[in-house]
Amino acid sequence: MRTMGETLMTEGPALPPAPGEEQYPALALANSAIALPGGHTADLLGTPAQTNHWLTEHGLAPVDIDMREMCAAQLRSLREQIRALLASRTAGLPA
């Protein structure tokens, strides 16, 4: 693993999917930022190349999409919005 500030970028084998991720792509997207011990995180969408890999692995984009940082940042923003919606639902609060 490479350390970039407080974020760990995984370069090894993929983490196993959480239950339900294969059935619900939004859950898989929400889980693409992973909390690790010591206050670190692993962001599977941390770079355009990682975002491209994640989309390809989930069958959401072709291998040769040539992801740009602006698009990767928009996907990370969408992820945070989905995480907020899921947290609201879990807490029984309105979105």
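Taken together, the values in this text are just the output of simple stated rules run on the coordinates, not laboratory data. Here the structure is a predicted model, which is why all the values come from computation and not from measurement. Here Cβ is always computed from backbone atoms with ideal geometry, including for glycine, and neighbour counts include all displayed protein chains.
Here are the numbers for this structure:
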quantity: Local net charge near ALA87, Cβ-Cβ under 13 Å (Lys/Arg +1, Asp/Glu -1); calculated: +2
quantity: Dipole of the stretch 45-94 [Lys/Arg +1, Asp/Glu -1 at C-beta], most positive-end residue of MET67, GLY46, LEU86; calculated: LEU86
quantity: Gain in span if fully extended, ILE34 to ALA91, counting 0.36 nm per residue against the direct Cα distance; calculated: 18.5 nm
quantity: Mean separation of Cα contacts under 8 Å (6+ apart) over length of the stretch 9-95, as relative contact order %; calculated: 21 percent
quantity: The stretch 45-94: relative contact order in percent, alpha carbon pairs under 8 Å with at least 6 residues between; calculated: 32 percent
quantity: Where trypsin sites (Lys or Arg not before Pro) fall in DSSP loop in the stretch 28-95, at most 16 other Cβ within 10 Å; calculated: ARG68
quantity: Full-extension gain in nm, CYS71 to THR41, via 0.36 nm per residue minus C-alpha separation; calculated: 8.7 nm
